[in-house]
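> Below is one structure. I have some questions about it.
The values are calculated or read from the model by the stated rules, or taken from the named source; none is laboratory data. Remember, predicted model here, so these are calculated numbers, not experimental data. With ideal geometry, Cβ positions are generated from the backbone for all residues, glycine too; neighbour counts draw on all protein chains shown. Note: areas computed on protein heavy atoms with side chains; ligands, DNA, RNA excluded. Shrake-Rupley method; radii C 1.70, N 1.55, O 1.52, S 1.80 Å.
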Amino acid sequence: MRTVSRVAEMRTACEEARRAGRTVGLVPTMGFFHAGHRSLMHAAREQCDFVVVTLFVNPTQFGPGEDLGAYPRDPDGDASVARAEGVDLLFMPAVEEMYPEPGRTTVHVEGLTARLCGASRPTHFDGMATVVAKLFAITGPCRAYFGRKDAQQLAVVTRMAADLNLPVTVIGCPLVREADGLALSSRNAYLGSEEREAATALSRALRQVAAEIAVGERDAVAVRRIAIDTMASEPLLTLDYVEVVDATSLEPRARLAGTVLVGLAATVGRTRLIDNATFVFEGGADVIADLGVTSPGPESARPDARPGDS
Ligand code: AMP
């Protein structure tokens, strides 16, 4: 595996791979790898000839008072994980390399960024979409892998690539969970043991929703209530939102039909957590529930994790 930090090196490496007839797979990340990240690298490795992982904690997608300074970092550990996953190129640019001067161009995906996490993080999706557009421009034609853990991000990036005719096929990959249901996240490193326990209320709420949908619940207000009540029973948790939306447009749904995303967010202590499930209603009583997959190994077995280092 080669590690580069310059935009020009990254661009050239991807161009050379394509010139040699190889397909390029891109996995954009902010690092502190866990099994969710690894699943994206694995999918890219299976489907593409030249696998590129980007590791960049993008300052412009953090709002004032958010956790940019505390965001967990472990570049050496991450490089070992990427190498073990068979990644060909790791791109780790400095902030000055990505933003030699403050950008005057912002990619804003109208509508899809206003609700859900956009309501409490009003600048987040512009920062994210802009840096992903930059990474797509640097990489060039490729398949880009994103996790459904960040369902709104996936919807925004998919729409951005379509609207801007970017030469990138955006691929959504399953949400990976720990054995007790907690969605893997680099931010889980912030959680103390009681908070870690409390955090399972998010996935419990989604399982409760799935159980009610399985026995016929189709009313969005009732579905939201089920999730809110489940999370309210956990005193360490403060609810941010529960939303029932169309999975592509992210527009609110009153009745459950088509493909529906149930997204939720809450803070535990000072840590903000998100989770979601997708339900496909096929008419009649049939419904396909996608709550993600369980990680094959105990995630806490990251030997060199030093949460909070930055
Ligand atoms: P991050 O480093 O948190 O910005 O995430 C980088 C990529 O990994 C994004 O596409 C995320 O959606 C994806 N990802 C993060 N956590 C998970 C997870 N638990 N399951 C699947 N994908 C994930």
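> Out of VAL242, VAL81, VAL221, any idea which swings most in a Gaussian network model of the chain, alpha carbons joined below 10 Å?
VAL221
> Given the protein chains as shown and a 1.4 Å probe, how many square angstrom of SER120 are accessible, to the nearest 10?
The value for SER120 is about 60 Å².
> Which ³J(HN,Hα) values in Hz, rounded to whole numbers, follow from the phi angles of segment 219-233 under the Karplus curve 6.51 cos²θ - 1.76 cosθ + 1.60, where θ = phi - 60° and Gly and Pro get x?
These are the phi-based 3J(HN,Hα) values: 9, 5, 4, 5, 5, 4, 4, 4, 5, 5, 4, 4, 6, 5, 6 Hz.
> Quick one: which residues, 5+ away or cross-chain, put their amide H under 5 Å from the amide H of LEU237? H built at 1.01 Å from N.
Long-range HN contacts for LEU237: none found.
> Same structure again: DSSP beta bridges in the chain, what fraction antiparallel, as a percent rounded to 5?
Bridges in the chain that DSSP calls antiparallel: roughly 55 percent.
> Would you tell me the accessible area of GLU194, worked out with a 1.4 angstrom probe on the heavy atoms of the protein chains, in Å² to the nearest 10?
Probe radius 1.4 Å; accessible area of GLU194 about 130 Å².
> Right, another one. Simple spin-label model, 7 Å along Cα-to-Cβ: GLU251 to ARG104 in nm?
Result: 3.6 nm between the two label points.
> Further, regarding this structure: Mind grabbing the accessible area of TYR145 for me, 1.4 Å probe, Å², rounded to tens?
Here the residue's solvent-accessible area equals roughly 0 Å².
> Counting only protein heavy atoms and a 1.4 Å probe, tell me what percentage of the chain's accessible area is made up of carbon and sulfur.
Carbon and sulfur atoms account for 51 percent of the accessible area of the chain.
> List, in order, the whole-Hz ³J(HN,Hα) value for each residue of segment 261-266 obtained from phi through the Karplus relation with A = 6.51, B = -1.76, C = 1.60 and θ = phi - 60°; use x for Gly and Pro.
Per-residue couplings from phi come out as 9, 9, x, 8, 8, 7 Hz.
> If amide H atoms are built 1.01 Å from N in the plane of the peptide, which residues on other chains or at least 5 residues away come under 5 Å of the amide H of VAL170?
ALA144
> If you build a Gaussian network model of the chain, linking Cα atoms that sit under 10 Å apart, which residue out of GLN47, GLN153, GLN61 swings the most?
Top of the fluctuation ranking is GLN47.
> Let me ask you something else. Residue by residue through segment 19-31, which ³J(HN,Hα) values in whole Hz follow from phi under the Karplus form 6.51 cos²θ - 1.76 cosθ + 1.60 (θ = phi - 60°), with glycine and proline marked x?
Computed from phi, the couplings for segment 19-31 are 4, 7, x, 9, 7, 9, x, 10, 10, x, 8, 10, x Hz.
> In Å², and per residue, what accessible area does the chain have when probed at 1.4 Å with the other protein chains present?
Dividing the accessible area of the chain by its residue count gives 45 Å².
> Follow-up. Starting from the amide H of ASP74, placed 1.01 Å from N in the peptide plane, find each other amide H under 5 Å away whose residue is 5 or more places distant or on another chain.
Residues meeting the amide H criterion: PHE32.
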